[in-house]
Amino acid sequence: DLDGRMVMPGLQDAHIHGITAGPPQCDLEYQPLTVKEFQARIAACLDNPAFGSGPDDWLVVNHWYVQFLTPPGTSVTKAVLDELDTRRPIVVNGV
């Protein structure tokens, strides 16, 4: 019971870019990549101490354009990341 008052839904935009804030993140620059190139770029970030080096330091990978994987129709699964020589957690953000 609103006791004669009105409720109006809010018009809100939850669009934020907070995920790119904070420590440096591995950037794939939306480049067309083969699976091996994808792995090599991430491995290079894993080897770079600017992106953390502890066994529990997350590696955040940004700007991956999955549709640019070559050859066309290629897909990447968790198994591709599992092949990398690390036990660090990796999150890959893409479009």
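The values are calculated or read from the model by the stated rules, or taken from the named source; none is laboratory data. Every value quoted in this text rests on a predicted model; they were computed, and no experiment measured them. Positions of Cβ are backbone-derived with ideal geometry, glycine not excepted, and every protein chain shown enters the neighbour counts. All accessible areas refer to the heavy atoms of the entire protein, side chains included, with ligands and DNA or RNA removed. Shrake-Rupley method; radii C 1.70, N 1.55, O 1.52, S 1.80 Å.
Using Cα pairs under 8 angstrom and six or more residues apart, how large is the relative contact order of the chain, in percent?
32 percent
Consider just the alpha-carbon atoms of the chain and return their Rg together with their Dmax, both in angstrom.
Considering the chain through its Cα atoms, Rg and Dmax are 19.3, 65 Å.
Report in % the part of the accessible area of the chain that belongs to carbon and sulfur, leaving out ligands and nucleic acids; probe 1.4 Å.
For the chain, the apolar C and S fraction of the accessible surface comes to 57 percent.
Suppose all protein chains stay in the model; what accessible area per residue would a 1.4 Å probe give for the chain, in Å²?
74 Å²
Points 7 angstrom from Cα along the Cβ direction at residue 75 and residue 87: gap in nanometres?
Reported label-point gap for residue 75 and residue 87 is 3.1 nm.
5 Å is the cut-off here: which amide hydrogens, built 1.01 Å from N in the peptide plane, fall below it relative to residue 31, excluding neighbours closer than 5 in sequence?
So residue 31 has HN proximity to 65.
Would you work out which of 81, 58, 71 lies farthest towards the positive end of the dipole of the chain? Charges go on Cβ: Lys and Arg +1, Asp and Glu -1.
71
With a ≥ b ≥ c the root eigenvalues of the C-alpha gyration tensor of the stretch 28-70, is it rounded (a/c under 1.5), prolate (a/b larger than b/c) or oblate?
It comes out prolate by the Cα gyration axes.
Counting alpha carbon pairs within less than 8 Å and at least 6 residues apart, what relative contact order, in whole percent, applies to the stretch 26-75?
55 percent
Is it possible to state the helix-based mean residue ellipticity at 222 nm for the chain, with each DSSP H run of 4+ residues giving -39500 (n - 2.57), the sum divided by total residues, to the nearest 500 deg cm²/dmol? What is it?
One gets -5500 deg cm²/dmol as the mean residue ellipticity at 222 nm.
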